[in-house]
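K.L.:
Can you read through this structure? Questions will come right after.
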Amino acid sequence: MEYIIRKAKKADMSKVLDLIVELAIYEKEPEAVEISVEDLVQHGFGTTSEFNCFVAEVEQKIIGIALVYTRFSTWKGIVLHLEDLIVSESMRGHGIGSALLDEVIKFAGKLGVKRVSWDVLDWNTPAIEFYEHKGADVKRDWDVVHLNEEGIKNYLAKLDACKS
């Protein structure tokens with residue numbers, strides 16, 4: 001199977017969103033996706049780009065993405081965070097995920113970062129095995145912590161209540 005990996009364009013964001021939704025369904029959280037195509041365009045291609053995205057194409061159809069952004073580590077400095085690496089379920093097993101990860105690591109090398117990091121669900125054995133096979137260290141002794149929109153509002157309400 002022939003495919004190409006390239007940097008995403010604004011016009012790709014509709015298909016990028018489709019793949020994000022496909023991943024959310026796979027991860028049993030289809031209702032969790034709140035972002036829109038317009039959000040992706042604004043934040044990826046606006047006056048400042050909040051992320052970089054690479055796409056995989058087969059016969060001019062986008063079948064995979066890798067979305068990354070930089071963040072700052074107090075231990076390492078600038079690091080690259082891989083938010084999502086998604087290959088459409090029907091296209092898995094053809095090396096596309098490897099090619100996308102290769103592109104992310106090459107990008108990290110160009111940036112000169114000291115670490116690339118990402119999260120993987122503990123029940124996603126195929127992904128864990130894929131990443132470990134690539135040489136990644138899956139940190140099983142760390143827990144991911146999120147404070148969602150409702151949690152942020154509740155937190156702020158408690159802060160306001162303490163001031164009164």
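Read-outs throughout are calculated quantities, based only on the coordinates presented, and are distinct from any laboratory measurement. All values reported here derive from a predicted model rather than from experimental measurement. Using ideal geometry, Cβ is built from the backbone for each residue, glycine included, and neighbour counts are taken over all protein chains shown.
K.L.:
Residues in segment 91-99: is at least one under 26 Å from residue 34 (Cα atoms) and either without any contact (Cβ under 8 Å) to a residue 12 or more places away in the chain or surrounded by fewer than 11 Cβ atoms within 10 Å (Cβ to Cβ) (or both)?
P.N.:
So in segment 91-99, the residues under 26 Å from residue 34 (Cα atoms) come out as 91-92, 97.
Next, from what is left, pick out any that are either without any contact (Cβ under 8 Å) to a residue 12 or more places away in the chain or surrounded by fewer than 11 Cβ atoms within 10 Å (Cβ to Cβ) (or both): 92.
Yes, the conditions are met somewhere in segment 91-99.
K.L.:
Return only the number of the condition from (1) more than 21 Å from residue 27 (Cβ to Cβ); (2) in contact with a strand residue (DSSP E or B) (Cβ under 6 Å, 6 or more places away or on another chain) that residue 100 does not satisfy.
P.N.:
So residue 100 meets the others, but not (1).
K.L.:
State all residues of segment 36-49 that are surrounded by 14 or more Cβ atoms within 10 Å (Cβ to Cβ) and either touching a His at 6+ places or on another chain (Cβ under 8 Å) or closer than 30 Å to residue 1 by Cβ (or both); if no residue qualifies, say none.
P.N.:
37, 40, 41, 44, 45
K.L.:
When only residues in segment 113-139 that are of a type outside the set (D, E, K, R), assigned to a loop (DSSP other than H, G, I, E, B) and in contact with a strand residue (DSSP E or B) (Cβ under 8 Å, 6 or more places away or on another chain) count, which is farthest from residue 66 (Cα to Cα)? I'd like the intermediate steps shown before the answer.
P.N.:
Filtering segment 113-139 for residues of a type outside the set (D, E, K, R) gives 113, 116-118, 120-121, 123-128, 130-131, 133, 135-136, 138.
From what is left, the residues that are assigned to a loop (DSSP other than H, G, I, E, B) are 113, 118, 120-121, 123-124, 135-136, 138.
Those left that are additionally in contact with a strand residue (DSSP E or B) (Cβ under 8 Å, 6 or more places away or on another chain): 113, 118.
Details: 113: 17, 118: 11 Å.
Ranking the candidates gives 113 first.
K.L.:
Taking residue 65 and the conditions (1) surrounded by fewer than 17 Cβ atoms within 10 Å (Cβ to Cβ); (2) touching a residue at least 12 places away in the same chain (Cβ under 8 Å), which numbered condition does it fall short on, given that it satisfies the others?
P.N.:
(1) is the only condition that residue 65 fails.
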